[in-house]
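To start, the structure under review is shown below, and the notes come after it.
The values are calculated or read from the model by the stated rules, or taken from the named source; none is laboratory data. Keep in mind that this is a model prediction, so the values were computed, not measured. Here Cβ is always computed from backbone atoms with ideal geometry, including for glycine, and neighbour counts include all displayed protein chains. For the accessible areas, the whole protein counts, side chains as well, though only heavy atoms, and no ligand, DNA or RNA atoms are used. Shrake-Rupley method; radii C 1.70, N 1.55, O 1.52, S 1.80 Å.
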Amino acid sequence: MRIGVLAVQGAFIEHRHILEKLDVESLELRQLSDLNEEMDGIIIPGGESTVMGKLLNDLGMMEPLKAKIESGFPVFGTCAGMILLAKDIVNPTEKQVNLGTMDISVRRNAYGRQLGSFHAVTEFAGMQEIPMTFIRAPYIEETAPDVEVLAQVDGHVIAARQDNQLVTAFHPELTEDTRIHEYFLKYIANKQ
Ligand code: GLN
């Protein structure tokens, strides 16, 4: 298995480290031609969604990546990656551009200044005690009927899946726990 990690901005190295820990090969997606590489899934990391969106546009990667995801290619977005995948952003910045492939509505920086960063430990898709790190995190306000809710914290949806698209508002790449990445990899393996 080989996973492409979008590496135009944000916390992509941390995702590669987790994949390395799991003995899974990864590559960095930095330019349009990288999208033609042989791979089985793509991770869109956390960072700053407005900056990442702008870079995807400037690099000509936005439309090809969107088409790839819409054709069913497995993708996992964390934090800003989740915002990029959302079809609707309740409070976009002025310059926000998006892949907009997943039927969810998200709120950016949903926890305000006081709770910019925090940790939680809760259940995720039936797995117990998953440690979760939130950094200026979004949450999901609305989901389409075919979107499966995977985890909630304080009554807010913070992880979900729709077919080939998996999103978490938290950063699983910043903990020692590899189970969320394994969940994504298992989905890919079962599909093949
Ligand atoms: N608040 C950031 C955004 O709007 C996301 C933060 C993160 O990815 N840790 O893109």
- Provide a single number: the residues in the range 166-192 that are within 24 Å of Leu99 (Cβ to Cβ) and β-branched (Val, Ile, Thr). 4
- Query: In the range 21-47, which residues are out of contact with any His (no Cβ under 8 Å at 6 or more places or on another chain), open to solvent by less than 50 Å² (accessible area, probe 1.4 Å) and not β-branched (Val, Ile, Thr)?
  - Reply: Leu27, Glu28, Leu29, Asp34, Leu35, Met39, Asp40, Gly41, Gly47
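So which of Thr133, Thr122 ends up being out of contact with any Gly (no Cβ under 6 Å at 6 or more places or on another chain), closer than 21 Å to Glu182 by Cβ, within 16 Å of the ligand (Cβ to nearest atom) and open to solvent by 10 Å² or more (accessible area, probe 1.4 Å)?
Thr133
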- Can you find a residue in the range 81-104 that is near the ligand (Cβ under 10 Å from one of its atoms), within 28 Å of Ala189 (Cβ to Cβ), modelled with pLDDT of 95 or more and in contact with an Asp or Glu (Cβ under 7 Å, 6 or more places away or on another chain)? no
- Query: Any residue at all in the range 42-64 that is without any contact (Cβ under 8 Å) to a residue 12 or more places away in the chain and closer than 18 Å to Val157 by Cβ?
  - Reply: no
- Message: When you scan the range 56-64, do you find a residue that is surrounded by 15 or more Cβ atoms within 10 Å (Cβ to Cβ), of a type in the set (D, E, K, R) and away from the ligand (no atom under 16 Å from the Cβ), even just one?
- Response: no
- Task: Just give me the residues in the range 154-173 being open to solvent by less than 10 Å² (accessible area, probe 1.4 Å) and hydrophobic (A, V, I, L, M, F, W, C), in sequence order.
- Result: Ile158, Ala159, Ala160, Leu166, Val167, Ala169, Phe170
- strands (runs of 3 or more DSSP E) wholly inside the range 65-180 containing at least 3 residues that are within 20 Å of Ile18 (Cα to Cα) and touching a helix residue (DSSP H, G or I) at 6+ places or on another chain (Cβ under 7 Å): 75-78, 127-135, 165-168
- Identify the residue in the range 2-19 that is touching a strand residue (DSSP E or B) at 6+ places or on another chain (Cβ under 7 Å) and open to solvent by 20 Å² or more (accessible area, probe 1.4 Å) and, among all such residues, is nearest to the ligand (Cβ to nearest atom). Phe12
